[in-house]
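**Student:** This is the structure I want to talk about, given as structure tokens.
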Amino acid sequence: MTEIRLNGERLEVPEGAQLGDIIPGHPPECSVAVIRPADKISAVTRNIRVATTAGEIIIELTGDIPSFLQDKISAGAPDNGTHPELLILKWADRQAASFGPFPTNIVPERSPHRYARGDVILGCGGYDREKSFLLFSITTHIADHGAAKGGGIVGRVVSGMSVPEEWKPKDAITAMERIIQSADASNAFATTKQDVLLEDGMSIITHVQARATGYRDETIDITRAQSVEHLLLTNRTGRYHVSLDASTHIRDDHMRESEVFYEGEPHSRFDGTVTVRVSGKNRGSAYIYTDDIAGSPNHTVVASVEHGIELAHIANAGDTFLFNVEPAQFDVRGMALSDAKMSAENRGITLVSDDEIGDRVIISQTPETTLEVLAEKKVSVTTIPISHVISVELFDSDAPLSCYTFRSITGLRWHDIGEMPLLIHFDDVSLFQPQIKKGTNINIENTPKGSVPANMLAITNDSRKSAGLIGCRTTENDEYGPTSEPFEGTNIIGRVCEPEKLSALKEGSIVYIREVKN
């Protein structure tokens, strides 16, 4: 048998087994990290992953690995498959948590020291070094922990700080291992191939797990609710698309050019910190940091990685990997009221609707952000009859830039329902005039040839004065497009799936649309 680790868990597989055998349901387009055992032996890294019964944390050591931890690094599970308890939680209060005891050779200074939130301390009980403890500072405090001269700080928690806040009696540290860094990736790689031969001691990471800033099981801080919402929106497909891999971070530009505002105070960007950029040409992009750098007012910290940072370290531009963020987004806009009620009930949220007569679709919700809804455990929604909502299909493969513009100006880029004002009805044509930001370019793309079938959806391109006008024509025409412009001024972007609803619309009214995806 071959012994490997899959997302930190020990797993035995037959000799000759391949990667696809242990992750049969993994999306084929999503990369996983494959780390050969040589990397773990030779890697020079300051970071240690600490697995506990309450979750994972990552510690950045301030120096060499303390001798008492040397034999615990990479310690595996016993043969019976149960979790070993390397260190037991001895006590925890609002200031610190302590694991041990174990013997060391420290000499207690017998003096209080000031500790910051996240400091990892080597101390002892009753100044007895035979009863030493590994302590985690949960809040900034001053105390005498029986530490050596200077305070005994051996590291700091750089990811997963929410875990120490959840520790309870009987929790334990179950494993410790070094984390691979980008510079140590000669034998570590990200791959989508299923035929990689599994080797003894190999480690496989299939996803990155993060926790949103302010989200706790018991209390929720909404200070950065808007910025966290932007991250959840970026990640609503559960995928992180690596647009850029740099020396200190990777970046997902999926929601770039979104309006995001700075929230909170400047915060150092440690390895595993997740931010959204709030200014500059990459405004709206989501960053995962793979090294430590100073904080910046151009970024809001929105989450921290709790598992799988190795995958971020070795991912390359063009890669896509699974990215799970807690909590899942709560956005019921565009949902049928009946489905939204079920979704809210499943998450313990009370949903209050303005109207419940007939089949209705939600067009807005209050509060707007996930953290605010979860904090209040209540959401109020505004609805309209489903007969007032028109479904459209967009042709991304034929007109990707125009479809991007259409989603941006109608709101479909951010929510599952969009809107645009009806300008005028005449003959078989309906024209809509959504507001377009100054400087938006609508280049010529997917112009008609020969004739335009009935019910096509189009946007007028920049070759005409009425650029940005949206139109639909319910009959076929071989001379003019859906916006009543010549073919060279018409970009076909999709089709209206329910054209019979157009005739009931009133000029000047807001038209609500949902996208049908095939």
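The values are calculated or read from the model by the stated rules, or taken from the named source; none is laboratory data. Just so you know, these numbers come straight off a predicted model, no measurement behind them. Every residue, glycine among them, receives a Cβ derived from its backbone with ideal geometry; neighbour counts consider all protein chains shown.
**Student:** Could you check the stretch 244-286 and list, in sequence order, the residues that are farther than 27 Å from Arg49 by Cβ, among the small types (Gly, Ala, Ser) and touching a Ser or Thr at 6+ places or on another chain (Cβ under 6 Å)?
**Tutor:** Gly284
**Student:** Being farther than 28 Å from Leu231 by Cα and not in a strand (DSSP E or B) narrows it down to one of Ser397, Ser387, Ser402, so name that one. Before you say what the answer is, go through the steps one by one.
**Tutor:** On the way: Ser397 fails: farther than 28 Å from Leu231 by Cα; Ser402 fails: farther than 28 Å from Leu231 by Cα.
None of the other options fit; the residue is Ser387.
**Student:** Also, quick follow-up: For the stretch 157-177, name all the residues that are more than 24 Å from the chain's Cα centre (by Cα) and either surrounded by fewer than 22 Cβ atoms within 10 Å (Cβ to Cβ) or modelled with pLDDT of 85 or more (or both). Reasoning before the result, please.
**Tutor:** Going through the stretch 157-177, the residues more than 24 Å from the chain's Cα centre (by Cα) turn out to be 167-177.
Selection gives Trp167, Lys168, Pro169, Lys170, Asp171, Ala172, Ile173, Thr174, Met176, Glu177.
**Student:** Within the bounds of the stretch 243-250, is there any residue that is assigned to a loop (DSSP other than H, G, I, E, B) and under 16 Å from Thr370 (Cβ atoms)?
**Tutor:** No, because not a single residue in the stretch 243-250 is assigned to a loop (DSSP other than H, G, I, E, B) and under 16 Å from Thr370 (Cβ atoms).
**Student:** From the list Ser137, Ser132, which residue is buried (at least 19 other Cβ atoms within 10 Å of the Cβ) and either in the same structural domain as His267 (by TED's automatic domain parsing) or within 21 Å of Asn47 (Cβ to Cβ) (or both)?
**Tutor:** The conditions single out Ser137.
**Student:** Further question: Could you say which residue among Lys377, Lys341 is among the charged types (D, E, K, R) and in contact with a Leu (Cβ under 6 Å, 6 or more places away or on another chain)?
**Tutor:** Lys341
**Student:** Please verify whether the stretch 405-412 includes one or more residues that are in a loop (DSSP other than H, G, I, E, B) and either more than 24 Å from Asn477 (Cβ to Cβ) or not aliphatic (A, V, I, L, M) (or both).
**Tutor:** yes
**Student:** Would you point out the residue of the stretch 285-304, among those that are surrounded by fewer than 20 Cβ atoms within 10 Å (Cβ to Cβ), part of a loop (DSSP other than H, G, I, E, B) and of a type outside the set (D, E, K, R), that is modelled with the highest pLDDT?
**Tutor:** From the stretch 285-304, those surrounded by fewer than 20 Cβ atoms within 10 Å (Cβ to Cβ) are 291-298; that's our starting set.
Those still in the list that are part of a loop (DSSP other than H, G, I, E, B) too: 291-292, 294-298.
The next check asks that each one be of a type outside the set (D, E, K, R); those that pass are 294-298.
Numbers: Ala294: 81, Gly295: 82, Ser296: 86, Pro297: 88, Asn298: 91.
Taking the candidates together, the pick is Asn298.
**Student:** Another question, then. When Asp416 is evaluated against the numbered criteria (1) without any contact (Cβ under 8 Å) to a residue 60 or more places away in the chain; (2) part of a loop (DSSP other than H, G, I, E, B); (3) more than 21 Å from Glu479 (Cα to Cα); (4) of a type outside the set (A, V, I, L, M), which criterion, by number, is the only one it fails?
**Tutor:** Answer for Asp416: the failing condition is (1).
**Student:** Among the numbered conditions (1) closer than 25 Å to Gly55 by Cα; (2) in a loop (DSSP other than H, G, I, E, B), tell me where Glu165 comes up short.
**Tutor:** The one condition Glu165 does not meet is (2).
**Student:** Does any residue in the stretch 21-50 that is at positive phi come within less than 6 Å, Cβ to Cβ, of a residue that is of a type in the set (Lys, Arg) and modelled with pLDDT of 95 or more six or more places away or on a different chain, and which pairs are these?
**Tutor:** none
**Student:** Is it fair to say Gly308 is closer than 20 Å to Val276 by Cα, surrounded by fewer than 15 Cβ atoms within 10 Å (Cβ to Cβ) and out of contact with any helix residue (DSSP H, G or I) (no Cβ under 8 Å at 6 or more places or on another chain)?
**Tutor:** no
**Student:** Every residue in the stretch 251-268 that is farther than 15 Å from Gln226 by Cα and either touching a His at 6+ places or on another chain (Cβ under 7 Å) or in a loop (DSSP other than H, G, I, E, B) (or both), please.
**Tutor:** Selection gives Asp252, Asp253, His254, Arg256, Glu257, Pro266, His267, Ser268.
**Student:** Considering every residue within the stretch 265-274, establish whether at least one is in contact (Cβ under 8 Å) with a residue 24 or more places away in the chain and under 17 Å from Arg413 (Cα atoms).
**Tutor:** Within the stretch 265-274, not a single residue is in contact (Cβ under 8 Å) with a residue 24 or more places away in the chain and under 17 Å from Arg413 (Cα atoms).
**Student:** Please determine whether any residue of the stretch 358-370 is exposed (fewer than 15 other Cβ atoms within 10 Å of the Cβ), of a type outside the set (Gly, Ala, Ser) and touching a residue at least 24 places away in the same chain (Cβ under 8 Å).
**Tutor:** yes
**Student:** For residues in the stretch 314-340 being touching a Lys or Arg at 6+ places or on another chain (Cβ under 7 Å) and closer than 20 Å to Gln226 by Cα, which is surrounded by the fewest Cβ atoms within 10 Å (Cβ to Cβ)?
**Tutor:** Glu326
**Student:** Please go through the stretch 10-34 and pick out each residue that is in a strand (DSSP E or B) and exposed (fewer than 13 other Cβ atoms within 10 Å of the Cβ).
**Tutor:** Correct list: Glu12 only.
**Student:** With the checklist (1) out of contact with any Ser or Thr (no Cβ under 9 Å at 6 or more places or on another chain); (2) touching a residue at least 40 places away in the same chain (Cβ under 8 Å); (3) under 19 Å from Gly468 (Cα atoms) in hand, flag the one item Tyr404 doesn't pass.
**Tutor:** Result: Tyr404 fails condition (2) only.
**Student:** Kindly provide the set of residues from the stretch 305-338 that are in a strand (DSSP E or B), at pLDDT 95 or above, over 12 Å from the mean Cα position of the chain (by Cα) and of a type outside the set (A, V, I, L, M), ordered by number.
**Tutor:** Correct list: Thr320 only.
**Student:** Separate question: Can you list the strands (runs of 3 or more DSSP E) lying wholly within the stretch 440-513 that have 2 or more residues being surrounded by 13 or more Cβ atoms within 10 Å (Cβ to Cβ), touching a helix residue (DSSP H, G or I) at 6+ places or on another chain (Cβ under 6 Å) and not aromatic (Phe, Trp, Tyr)?
**Tutor:** Values: elements: 456-460, 470-473, 490-496.
It comes to 456-460, 490-496.
**Student:** If I ask for residues that are more than 11 Å from Leu431 (Cβ to Cβ) and either in contact with a Ser or Thr (Cβ under 6 Å, 6 or more places away or on another chain) or of a type in the set (Lys, Arg) (or both), which ones from the stretch 477-487 would you list?
**Tutor:** Across the stretch 477-487, the qualifying residues are Asp478, Gly481, Phe487.
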